[in-house]
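Enquirer: Attaching a single structure in structure tokens format; questions to follow.
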Number of protein chains: 2
Amino acid sequence: MSAAIDFYFDFSSPYGFLAAQKIEALARKYGRAVDWHPVLLGVIFKETAMAPLTEIPLKGDYSRRDFARSARFHGIDFRMPSKFPIPSQAPARIVLWLKGRDPAFAVRVAKALYRAYFLGDVDISDPEQAIAVAVKEGVNANEARTAIAEPAVKEQLKREVEQAMARGVFGSPYIIVDGEPFWGVDRFEQIERWLATGPF
Amino acid sequence: MSAAIDFYFDFSSPYGFLAAQKIEALARKYGRAVDWHPVLLGVIFKETAMAPLTEIPLKGDYSRRDFARSARFHGIDFRMPSKFPIPSQAPARIVLWLKGRDPAFAVRVAKALYRAYFLGDVDISDPEQAIAVAVKEGVNANEARTAIAEPAVKEQLKREVEQAMARGVFGSPYIIVDGEPFWGVDRFEQIERWLATGPF
């Protein structure tokens, strides 16, 4: 099997949510695994002097329309959360903590957290609500509560974000295939060609 | 024939250049005309507090790579100009002036100007170099020189930009089909579905 595809995403990112629904089928088709990396756009935006899409004049209105239309275009259920954007430390820490134990299970919980936010309007920035989602997947509530507050887990997330930025990650989703970076769910056709034919 | 597709673009925009190579074939396929609107991202970015892509940390390096890769993906020749970005008043005024006389000819000149910048590395922000490109298409040099400096033409461009912003235009290319806005050459699949099936 070739190297895994690196999938960087923020739990608050609508396009990240859409990409999360598609990345595994695409990778599987080309015999690749996916390495899921939750990151914090809030931290990254400070470095790049960028702002959340919906807070930019003109672009904000367009983005809200495009989130929903892009979801329909890809045949993915989507509901704009009532609280947006959100800080995503709590779900990101849960997933990183689980990843250290069982990467496949961490992905399952990551997808459940994304669905809770973008389908169920659950405020996963609230640690207790994020934990409740994880518990439904079989996570122990007290262990999750401890992990979210654990200095080692906090440090792990900080390191993930720093490493992501060192690799050039500035948005979500951001996908790296054999060193080649692709930003956005609208780059999936290019990713597929890269996987199929190699560099073009 | 249904209403024309509104195509907003800045002469300094690589993705606008790519879209300009594709928009007419797409429109023709669905029996649509294209109304070409040169705009000034420099003016629009002041309103939206945005910056040229290549000047944003991290995003800048990615963008340069993505311009070239997207061109290859679409099978379009492309060469990053040595001077980038450029103010695009001169080519925009030439095209708007010609549009008032003969819209089809204005499109021909617009495409020649885009090719000169993104294939020939001609600095079309320089009025004399932009005029030289137009002259090769059959424009009279002295008339073009007068038009670029004409208060009425300047006013016309200012109005185009204001009207574009009033319609929500914040980037290039920006395409409006029957009131529905699409930003980016990477929205062409969605535009095509909209043209084929109507709202989805």
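Enquirer: Output the number of the condition that B:Arg72 fails; it satisfies all remaining conditions of (1) at pLDDT 95 or above; (2) in contact with a Phe, Trp or Tyr (Cβ under 8 Å, 6 or more places away or on another chain); (3) closer than 30 Å to B:Arg159 by Cβ.
Expert: Failed condition: (3).
Enquirer: Here is a further query. When only residues in region B:163-200 that are within 16 Å of the chain's Cα centre (by Cα) and assigned to a helix (DSSP H, G or I) count, which is farthest from B:Ala33 (Cα to Cα)?
Expert: B:Met165
Enquirer: Over 19 Å from the mean Cα position of the chain (by Cα), away from chain A (no Cβ under 12 Å) and touching a residue at least 24 places away in the same chain (Cβ under 8 Å): is that true of B:Leu119 in this structure? Lay out the reasoning, then the answer.
Expert: Numbers: over 19 Å from the mean Cα position of the chain (by Cα): no; away from chain A (no Cβ under 12 Å): yes; touching a residue at least 24 places away in the same chain (Cβ under 8 Å): yes.
Taking the combined requirement at face value, the residue does not satisfy it.
Enquirer: I'm checking my understanding of the structure. Among residues of region B:23-44 that are part of a helix (DSSP H, G or I) and crowded, with 16+ Cβ neighbours inside 10 Å, which one is farthest from the other protein chains (Cβ to nearest Cβ)? Can you show your working first?
Expert: Of all residues in region B:23-44, those part of a helix (DSSP H, G or I) come to B:23-29, B:41-44.
This time we only want the ones that are crowded, with 16+ Cβ neighbours inside 10 Å, so: B:23-24, B:26-27, B:41-44.
Numbers: B:Ile23: 17, B:Glu24: 21, B:Leu26: 16, B:Ala27: 19, B:Leu41: 12, B:Gly42: 15, B:Val43: 12, B:Ile44: 8 Å.
Only one residue tops the list, namely B:Glu24.
Enquirer: So, one more: Taking the condition of being small (Gly, Ala, Ser) and either at positive phi or surrounded by fewer than 23 Cβ atoms within 10 Å (Cβ to Cβ) (or both), how many residues in region B:1-22 meet it?
Expert: Summing the residues that are small (Gly, Ala, Ser) and either at positive phi or surrounded by fewer than 23 Cβ atoms within 10 Å (Cβ to Cβ) (or both) in region B:1-22 gives 3.
Enquirer: Could I ask something else about it? Which of the following residues is out of contact with any Phe, Trp or Tyr (no Cβ under 9 Å at 6 or more places or on another chain), surrounded by fewer than 18 Cβ atoms within 10 Å (Cβ to Cβ), of a type in the set (Gly, Ala, Ser) and within 11 Å of chain B (Cβ to nearest Cβ): A:Ala104, A:Ala49?
Expert: Every option except A:Ala49 fails the conditions.
Enquirer: Scan B:Gly60, B:Gly75 and give me the residue that is in a loop (DSSP other than H, G, I, E, B) and within 14 Å of chain A (Cβ to nearest Cβ). Break it down into steps so the answer makes sense when it comes.
Expert: On the way: B:Gly60 fails: in a loop (DSSP other than H, G, I, E, B).
Answer to the check: B:Gly75.
Enquirer: Tell me which of these A:Trp97 doesn't satisfy, since it passes every other one: (1) within 13 Å of chain B (Cβ to nearest Cβ); (2) touching a residue at least 40 places away in the same chain (Cβ under 8 Å); (3) part of a helix (DSSP H, G or I); (4) not charged (D, E, K, R).
Expert: (1)
Enquirer: Here's a follow-up. Please specify each residue of region A:1-43 satisfying the condition of being in contact with a Phe, Trp or Tyr (Cβ under 6 Å, 6 or more places away or on another chain) and within 17 Å of A:Gly171 (Cα to Cα).
Expert: A:Phe7, A:Tyr8, A:Pro14, A:Gly16, A:Phe17, A:Ala20, A:Ile23, A:Trp36, A:His37, A:Val39
The values are calculated or read from the model by the stated rules, or taken from the named source; none is laboratory data. What you see is a predicted model, and the numbers here were worked out from it, not measured in a lab. Cβ atoms come from the backbone with ideal geometry, glycine included; neighbour counts cover every protein chain shown.
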